[in-house]
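Participant: Dropping a structure here in structure tokens format, bear with me for questions.
The values are calculated or read from the model by the stated rules, or taken from the named source; none is laboratory data. Only a predicted model underlies this, so the values are computations on that prediction, with no experimental measurement involved. Note that we place each Cβ from the backbone using ideal geometry, even for glycine, and neighbour counts take in every protein chain shown.
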Amino acid sequence: MILSRSFHKALLAGIMALLCAAVFILPGCSVQTQAPEKAIGITVHVIDVGQGDAILISSSRENVLVDTGDVPDRDKLVSYIKKQGISTIDKVIITHPHADHLGGMPAVLEHFTVKQLYDSGQTTTTGLYRRYLTTVKDKKIPFSILTGGQTLELGDGAVLHILSPGKPYFDGPDALNNNSIVAKLVYGNFSMLLTGDAEQEAEQKLVKLYGEDLHSTVLKSGHHGSNTSSSSSFLKQVRPEVAVISVGAGNEYHHPHPSTLKKYGAMKSKVYRTDRDGTITIYSDGQSYQVRKEKNNQ
């Protein structure tokens, strides 16, 4: 039987298609596959926002922003988050309503979709705080207050354990700092303690409540490395391999305090500072971790 030229071409094309679908793919075959999913792991960005805190936690499933820096660094914060390819933030956590933690919130709400907002339940009378509440209400963003004992699932097995504030709340002149949200991020064998501006009074309560459970791979230094935080008894329980200090260059408060740095040195904790190192990025696969600094000037 004589095959027509068109039938012959069609037959060859069918044979090639079957061969390309086989386990052993021949040279010249074009196989379309789905784009690979985002690699499983967790990345923590301690963003350089001057004298303030802004920490972005990213898993393959969620983006969580802990604090938003101060007003002057709003644009820097927004730019950094956008460079990560992020348009939606699943959770925003405001540890306490001081301007150097809350100041970037209006810009975050303007430029990103925020699915859920949490704060410490502490109030203040500043215009910044009042505008924050008004904007959240106007945008109808789901809002909750975090207290010790709660947990937040971040995806891929990463969990944020809320350790503080507890009730009754601290009072006095340092109440807002001491009632900061303190949370321990746990992902496999990696952990990071996020302390807001919790001072020694809050630290002692945490030591009493949690003891050795405070032990963490990385510590976000409390209150920008001030000597009002990082008490010796607290550090004895945390025993961090790495301490990260979010602090502005040449700040008027003289943070970090030499005594705090000396304590970290005595514990042989590797210290990273945003004023010298820029944004600090920590990646973990749940077993090991890597720390990368933006500036390599030292």
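Participant: Show the residue pairs meeting these rules: Cβ distance below 7 Å; 6+ apart or different chains; first residue within the range 89-118 and without any contact (Cβ under 8 Å) to a residue 40 or more places away in the chain; second residue among the aromatic types (F, W, Y).
Facilitator: Within 7 Å, the pairs are I89/F112; L102/Y129; L102/Y132; M105/Y132; L117/F143.
Participant: Across the range 60-74, what is the number of residues that are touching a helix residue (DSSP H, G or I) at 6+ places or on another chain (Cβ under 8 Å) and either of a type in the set (A, V, I, L, M, F, W, C) or assigned to a loop (DSSP other than H, G, I, E, B) (or both)?
Facilitator: 6
Participant: Is there any pair linking a residue in the range 273-291 that is more than 17 Å from G188 (Cβ to Cβ) to one that is among the basic types (K, R) and at pLDDT 95 or above, with Cβ under 6 Å and at least six apart or on different chains, and which?
Facilitator: Correct list of pairs: D277/K293; I280/K293; T281/R292.
Participant: Output the residue which, of all residues in the range 60-76 that are of a type in the set (S, T, N, Q) and at pLDDT 95 or above, is nearest to D156 (Cα to Cα). Full working, then the answer.
Facilitator: Restricting attention to the range 60-76, the residues satisfying the condition of being of a type in the set (S, T, N, Q) are 60, 63, 68.
Imposing the further condition that a residue be at pLDDT 95 or above reduces the set to 63, 68.
Details: N63: 12, T68: 24 Å.
Here the residue is N63.
Participant: Also, quick follow-up: Which pairs do you get when a residue that is touching a residue at least 12 places away in the same chain (Cβ under 8 Å), found in the range 233-246, comes within reach of a residue that is in a helix (DSSP H, G or I) and among the basic types (K, R), reach meaning Cβ atoms under 6 angstrom, with the pair 6+ apart or on two chains?
Facilitator: L235/K263
Participant: How many residues are over 17 Å from the mean Cα position of the chain (by Cα) and either in a helix (DSSP H, G or I) or among the hydrophobic types (A, V, I, L, M, F, W, C) (or both) when one looks only at the range 75-108?
Facilitator: 4
Participant: Go through the range 268-295 and give me each residue that's assigned to a loop (DSSP other than H, G, I, E, B), at pLDDT 95 or above and of a type outside the set (V, I, T).
Facilitator: Of the range 268-295, the ones assigned to a loop (DSSP other than H, G, I, E, B) are 268-269, 278-279, 285-288, 294-295.
Now narrow it down to the ones that are at pLDDT 95 or above: 268-269, 278-279, 285-288, 294.
Those that are assigned to a loop (DSSP other than H, G, I, E, B), at pLDDT 95 or above and of a type outside the set (V, I, T): K268, S269, G278, D285, G286, Q287, S288, E294.
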